[in-house]
Each structure stands twice: as structure tokens, then as C-alpha cells.
Amino acid sequence: SDITWANVLEEKKICYFYLASMLKGQVAENVGKMIVQDFLYFIGETYAFSKGGKINLIVDEFYNVMFPGFVDILNKAGGAGVRVFLAMQTTSDIISKTDIAMMKQIIGNINNKIYLRVPERELAEEFCSLFGKVKVKTVTKSRGVRSDAKSQNELFASSYSENLQEVDADLISPEMIVHLPKGQAFFYNQARDPYKIRIPLIDRTTLPAV
């Protein structure tokens with residue numbers, strides 16, 4: 001039977017598109033954009049005329065199929081029962097296809113963000129800025145011993161002091177993101193406290209032969 005978005009939603013199907021973008025390049029990007037634009041039209045109808053059902057949209061190498069109207073998917077996704085998962089290497093990939101304003105608009109419409117190890121410090125700082133700074137208490141201790149042979153009092157004298165200060169520090173520092181081990185990440189969950197997560201890695205050597 002013909003595959004339609006309504007059919008996929010009603011029968012809870014999995015619809016997978018393999019575009020081979022590394023082999024076909026521009027053709028794969030154009031086809032991918034057509035698929036996403038058609039899905040956007042379906043979401044628009046669902047958002048306007050029915051409650052629909054739950055559906056997950058997972059887009060790998062998102063920047064390859066991105067277009068200005070993609071922001072509409074992010075805006076209407078929740079109301080149409082769609083959960084959108086976007087995967088990319090860096091936000092610079094989005095800028096290469098459009099501009100900084102569009103990149104900020106897309107990132108701003110994403111509620112949950114998962115950052116694995118990133119090679120760019122600027123990108124790590126971008127994630128860390130989501131959590132702001134916290135107050136950290138530091139204690140400075142000092143000791144001193146001095147002698148004065150000419151003194152008529154004690155020959156040696158000593159001193160000790162402690163100084164307590166509060167300084168601003170990143171809740172998560174860029175260094176933590178840049179040096180994350182493979183399979184570990186930080187999770188930003190709708191403005192709540194950050195989570196440090198570990199993603200299970202599949203040992204392909206133990207998988208049964210197909």
C-alpha cells in the first residue's frame with residue numbers, strides 16, 4: 001500500500017529514509033528537503049484540524065535538510081504531538097547553510113540539548129552559558145615564621161590567618177565538555193539542573209550474525 005504520513009501515524013509505523021548524502025551530495029539534500037517540507041505540511045494540517053497522535057521525527061546531519069520553514073516544525077511540533085530530534089556536529093553547520101539569526105532561532109526552539117565531546121571551545125562555551133555561574137567559596141590560608149636576634153622579647157614569632165571569599169565560577173566549565181570521554185555527555189533539560197549521562201556503547205563483536 002502507499003505510504004502516507006497519516007498512514008504511518010495511524011498504524012504506528014517506522015519510516016526510514018536513507019539518502020546517502022556523502023555519495024549523492026546535492027541530490028540527497030534536495031530530496032531530504034522535499035521529504036521534510038511534505039512532513040511540515042502534514043504537521044500543519046494536524047496542528048490545525050486534529051489532535052493526531054504521537055510521532056517521533058529524527059533527523060541526522062540536520063543541516064543537510066534544513067530550510068527556513070523548519071522553524072515552523074519546531075514551533076508546532078508540541079501541539080501536533082511530534083517530538084523532534086536533531087543531530088549535528090556543531091552549530092556552525094547551520095550557519096554555513098543560512099545565517100547566525102536563523103541558527104539562534106532554531107537552537108532557541110530546542111528545549112532539551114545533549115552535548116557530547118565537542119572539538120570547538122566556542123561551542124562548549126555556548127552550552128555552558130545555558131547554566132550560568134554559581135558562587136564558590138575559597139579559603140586562603142597563610143602561615144609565617146620570623147626571627148629577630150636583636151629583639152629583647154622572644155627570638156621567634158609566628159602568625160596564621162584564614163581568608164574566606166566567594167568567587168563566580170561556571171557550573172559546567174568548557175573544559176568539561178571538550179574533554180568528555182567517548183560515550184559520555186551533558187544533558188540540558190528545559191532549564192533544570194544539568195545531568196551528566198553515560199550512553200551505553202554497543203559491542204558489535206558480540207552481536208549475532210544476520
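Here are the numbers for the structure shown:
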quantity	calculated
Residue tally, condition part of a helix (DSSP H, G or I) and touching a residue at least 24 places away in the same chain (Cβ under 8 Å), over the stretch 98-141	10
Test: GLY52 is part of a helix (DSSP H, G or I) and either of a type in the set (Gly, Ala, Ser) or at pLDDT 85 or above (or both)	no
Residue within the stretch 65-74 that is small (Gly, Ala, Ser), closer than 21 Å to ASN109 by Cα and either at pLDDT 80 or above or part of a helix (DSSP H, G or I) (or both) present	no
Residue in the stretch 144-167 that is under 25 Å from the mean Cα position of the chain (by Cα), open to solvent by 60 Å² or more (accessible area, probe 1.4 Å) and at pLDDT 85 or above present	no
Unmet requirement for LYS150, which otherwise passes all of (1) basic (Lys, Arg); (2) in contact with a helix residue (DSSP H, G or I) (Cβ under 9 Å, 6 or more places away or on another chain); (3) not in a strand (DSSP E or B)	(2)
Condition check for GLY25: open to solvent by less than 50 Å² (accessible area, probe 1.4 Å) and touching a residue at least 24 places away in the same chain (Cβ under 8 Å)	no
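The values are calculated or read from the model by the stated rules, or taken from the named source; none is laboratory data. The shown structure was predicted, so the numbers you read here are calculated from the model rather than taken from an experiment. Glycine also receives a Cβ, built like all others from the backbone with ideal geometry; neighbour counts cover every protein chain displayed. The area values use the complete protein model at the heavy-atom level, side chains included, leaving out ligands, DNA and RNA. Shrake-Rupley method; radii C 1.70, N 1.55, O 1.52, S 1.80 Å.
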